[in-house]
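Visitor: Structure below; questions to follow.
Where a number appears in this text, it was derived from the coordinates with a stated rule and is not lab data. No experiment lies behind these values; they were computed from the predicted model shown. Heads up, the Cβs are rebuilt from the backbone with ideal geometry, glycines too, and the neighbour counts pull from every protein chain shown.
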Amino acid sequence: MIQVIHRALDLMELIASEPERPKPLGELADRLGLNHGTCANILKTLVSRGYVEQQGVKKGYILGFKSYVLTGNDAYRKDLMEASQQAMDHLTRLTNENCLLAILKDDQRLIVHRTFAEQDLQVRTAEEKPAYESASGRMLLAMLPTDLLERFIQKFGLPRPEIWPEILNQTDLYRALAQIRREEFALQTISHRHIVGLAVPIRKKGVVVASLSVYLPEYRYMATSKAQLVAYLQTAAETINANLA
């Protein structure tokens, strides 16, 4: 086996040995007897592929979303899941619709937990989806600090017209995201699939760390009280926020 593959696997195994403790570059390199530059390059590749996450410049590295997807393990962002599970179960019972808890990773909305309703016709969505293409992704973008939002737009551009028809230029995008931020609520209608998504923010110590959303067929949304759905979402979010505090 190629040596660099051995080293990459050694790094992932060492990071996984204490999955909730970020390990700095120096510790990883020293414990595995690697040159710091070599270790940094391998970690950079693992981070870019989503198998490892860097927790700030100095805090270190933890396993990324893709590592958990490979094994079907739901331990990713364990604190979020533990804080949200009961509230999401209750929200699904109240609405009888599928609920999602998601985070932002690069330009993707990533689902870290979901609950399923008992409807015959259910809305399903991919684990990863471009942020512009979902209510939860738009909520997460709207809550980014200004400098991070500007960096996101510079790197990934504007949404395609077929994805977000109301957005024709950068001014339109800033205006739409500002409205979501003010209202702390995002609504998206996927016309060609007749699906509606609603999302609210989740906070940990005042900082938005995730979004909570409900997706349902358009015909059920039209027959449901929007105000009631939003109230259910907001109540569940408040419970999760309190659990995370």
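Visitor: Would you please give the FRET efficiency between residue 116 and residue 193, computed as 1/(1 + (r/R0)^6) with r the Cβ-Cβ distance and R0 = 22 Å, to the nearest 0.05?
Guide: 0.75
Visitor: For residue 38 and residue 226 in the same chain, what is the full-extension length gain: residue separation times 0.36 nm, less their Cα-Cα distance, in nm?
Guide: This chain segment gains 62.3 nm when fully extended.
Visitor: Further question: Please compute the alpha carbon radius of gyration of the chain, then divide it by the globular-protein estimate 2.2 N^0.38 Å. Two decimals is fine.
Guide: For the chain, the normalised Cα radius of gyration is 1.09.
Visitor: Tell me which GluC sites (Glu not before Pro) from the stretch 155-232 have a DSSP coil assignment and no more than 12 other beta carbons within 10 Å of their own.
Guide: Answer in residue order: 162, 166.
Visitor: Any idea what the relative contact order of the chain is, in percent, if you count C-alpha pairs under 8 Å spaced at least 6 apart?
Guide: Taking the mean separation of contacting Cα pairs over the length of the chain, I get 16 percent.
Visitor: Taking 0.36 nm per residue of separation and subtracting the Cα-Cα distance, what length does fully extending residue 20 through residue 179 add?
Guide: 53.7 nm
Visitor: Based only on other Cβ atoms within 10 Å, what is the fewest-to-most ordering of 238, 128?
Guide: Ranked by crowding around the Cβ, least crowded first: 238, 128.
Visitor: Assuming R0 = 35 Å, can you tell me the calculated FRET efficiency for the pair residue 2 and residue 106, based on Cβ-Cβ distance, to the nearest 0.05?
Guide: Plugging the Cβ-Cβ distance into 1/(1 + (r/R0)^6) gives 0.85.
Visitor: Measure off 7 Å from each Cα along the Cα-to-Cβ vector at residue 90 and residue 162, then give the distance between these two points in nanometres to one decimal.
Guide: Label-label distance for residue 90 and residue 162, simple model: 4.2 nm.
Visitor: Now a separate question. Subtract the Cα-Cα distance of residue 9 and residue 153 from 0.36 nm times their separation in residues, and report this length gain in nm to one decimal.
Guide: Answer, rounded to one decimal: 48.5 nm.
Visitor: In addition: Within 10 Å of each residue's Cβ, count the other Cβ atoms and sort 107, 30 from fewest upward.
Guide: Going from sparsest to densest Cβ surroundings: 30, 107.
Visitor: Evaluate the relative contact order of the stretch 1-60 (contact order divided by residue number), counting alpha-carbon pairs under 8 angstrom at least 6 apart; express in whole percent.
Guide: Dividing the mean separation by the residue count of the stretch 1-60 yields 36 percent.
Visitor: Go through 14-22, 89-97 and give me the packing order, highest mean Cβ count within 10 Å leading.
Guide: The densest-packed peptide leads the list: 89-97, 14-22.
Visitor: Quick one: go through the stretch 1-19 and flag any residue whose amide nitrogen is under 17 Å from the point 7 Å out along the Cα-to-Cβ line of residue 31.
Guide: Only 7-19 fall inside the zone, counting backbone N under 17 Å.
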